[in-house]
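Note sheet for the following structure.
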Amino acid sequence: MNRETVNEEHFLISIEPSTVASAYLLIAQTGVLFSEDLSYRLAISDIQIDKAKSQKSYLFFRAQAEIHDISGNDSNFVESIAAVGSFSQIYHYLVAQFEQFLIQKGLNILVFQEEKDA
């Protein structure tokens, strides 16, 4: 897998170019983030409405995400992350947790930035 493959996969599922420049929008629209070297992947594995805490005016969610090492031919489970709250809160929490995980490894989240004409 390379950057072009990831980029094409995002566009194949109708992700706008401006979206792939934001980790928050990527996780919200695709449920998946990658490390910049494509060795780690964060994927939302489960998301459910918490009916006990939801109200008429808002929904409360419980989400589960997993980090996998995808540097080799296999996908190896590394860590599980649980998040609760609104969709926005969940996405921000997952991005922050994945970012912290990657920083410890000297990596960043993969986002694409359009090159500006000179």
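The values are calculated or read from the model by the stated rules, or taken from the named source; none is laboratory data. Small disclaimer: the values here were computed from a predicted structure and weren't measured. Cβ sites come from the backbone with ideal geometry, for glycine too, and all protein chains shown count toward neighbours. Side chains included, ligands, DNA and RNA excluded: accessible areas come from the protein's heavy atoms. Shrake-Rupley method; radii C 1.70, N 1.55, O 1.52, S 1.80 Å.
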Practice problem: Over region 27-84, with every protein chain in place, what whole percent of the accessible area is carbon and sulfur at 1.4 Å, could you tell me? | Solution: 46 percent
Quiz item: PHE60 versus LYS105, label points 7 Å from Cα toward the beta carbon: distance in nm?
Solution: 3.3 nm
Practice problem: Excluding PHE87 itself, calculate the net charge of residues whose Cβ lies under 13 Å from the Cβ of PHE87, where each Lys or Arg counts +1 and each Asp or Glu counts -1. | Solution: 0
Quiz item: Using r as the Cβ-Cβ distance of SER75 and ALA52, and R0 as 22 Å, what FRET efficiency do you calculate, to the nearest 0.05?
Solution: 0.05
Practice problem: Would you mind classifying region 45-118 by shape? Square roots of the alpha carbon gyration tensor eigenvalues, ordered a ≥ b ≥ c; an a/c under 1.5 is rounded, otherwise it is prolate if a/b is larger than b/c and oblate if not. | Solution: oblate
